[in-house]
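Here the structure comes first, spelled out in structure tokens, and everything after it is commentary.
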Amino acid sequence: MQHWDTPQSKLDIASEEVHIWYANLDLSTTAVDKLEILLTENEREKANRFRFEKHRRRFIIARGRLRQILANYLPIPASEIIFDYSDRGKPSLSDGLNKNNLQFNLSHSDNLALYAFSPQKRIGIDVEYLCSRSEPLQIARRFFAPQEYKLIASLEENRQLEIFLHIWTIKEAYLKATGEGLSGSLDAVEVFFQGEKPQGLASIGGNAQKASEWFVHSFIPTTNFIATVVVENKLNRIQQQKIKFWKIL
């Protein structure tokens, strides 16, 4: 992993590359205040709707870091970045700012945020804290495909949550890439396995060809977290070695 304490002044991303950034969401009050200045009035209003101060601070950090990183790809000042939103709330860069069609997605869980970037190709990322779901079997029975639930139910109890979250992050990252989010059908996004380990997308709504047009990479960003990035890859040019990881503290 390459490690930068702050982003470079200008970042380039090749056509078949995927960049993934890690960010810590527990920062000092001084750092939070500096990031809050970068946000729009609307973003600050969203932050203030959180009931707990910890969640308000983490929202500010997550959005502020996104602006800092994007500013170095575009490059324009972080505070001048304008987002558009889909009907289901997925953010994208305003057309006037996005001449190179940079696609991005973000996810955060507990004190970790992940940001994924790809030029021109739809991209989704999901990260989950390993201790954050206490009833994986009940959720899998309701929302997963039958064979996925059956696999999880067959495992020792101490393995069920880990495999559940591997499957969940693959499904969620795909649905975020397409813009559907959790309003999409989780059981229509089917995962294939090698043994008991989820490997990628088997079919989308029963269509295996559609599933093959997406690159899937699951990884462990740090202890007790599981993540997956899913990228549109119709020509099968994206490979694992073209993923670059960076960290911003």
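Of the residues making up the range 237-247, not a single one is out of contact with any Cys (no Cβ under 7 Å at 6 or more places or on another chain), more than 23 Å from D12 (Cβ to Cβ) and open to solvent by 40 Å² or more (accessible area, probe 1.4 Å). Every condition in (1) assigned to a helix (DSSP H, G or I); (2) closer than 15 Å to Y174 by Cα is met by Q241 except one, and the failing one is (2). For the range 73-98, the set of residues classified as assigned to a helix (DSSP H, G or I) and either among the hydrophobic types (A, V, I, L, M, F, W, C) or buried (at least 17 other Cβ atoms within 10 Å of the Cβ) (or both) consists of Y73, A78, L97, listed by residue number. Note on the range 148-185: residues that are open to solvent by less than 30 Å² (accessible area, probe 1.4 Å), touching a residue at least 40 places away in the same chain (Cβ under 8 Å) and farther than 19 Å from S203 by Cβ total 4.
Can you confirm whether L27 is within 30 Å of S218 (Cα to Cα), open to solvent by less than 40 Å² (accessible area, probe 1.4 Å) and in a loop (DSSP other than H, G, I, E, B)? So L27 fits the description; yes. Would you be able to say whether some residue in the range 149-170 is under 13 Å from the mean Cα position of the chain (by Cα), assigned to a loop (DSSP other than H, G, I, E, B) and not aromatic (F, W, Y)? No, that holds for no residue.
Close contacts from the range 49-70, counting a first residue that is part of a helix (DSSP H, G or I) and at pLDDT below 95 and a second that is crowded, with 22+ Cβ neighbours inside 10 Å and of a type in the set (K, R), with Cβ to Cβ under 8 Å and a gap of 6+ residues or different chains, come to none at all. Counting only residues that are open to solvent by less than 20 Å² (accessible area, probe 1.4 Å) and of a type outside the set (V, I, T), which one in the range 55-72 is nearest to L39 (Cα to Cα)? By that ranking, first place goes to G64.
The values are calculated or read from the model by the stated rules, or taken from the named source; none is laboratory data. On a predicted model such as this, the values are computed, not experimentally measured, just so you know. FYI the Cβ positions are ideal-geometry reconstructions off the backbone, even for glycines, and counts take in every protein chain you see. Ligands, DNA and RNA are stripped out before the accessible areas are found, and what is left, the full protein with its side chains, is counted by its heavy atoms. Shrake-Rupley method; radii C 1.70, N 1.55, O 1.52, S 1.80 Å.
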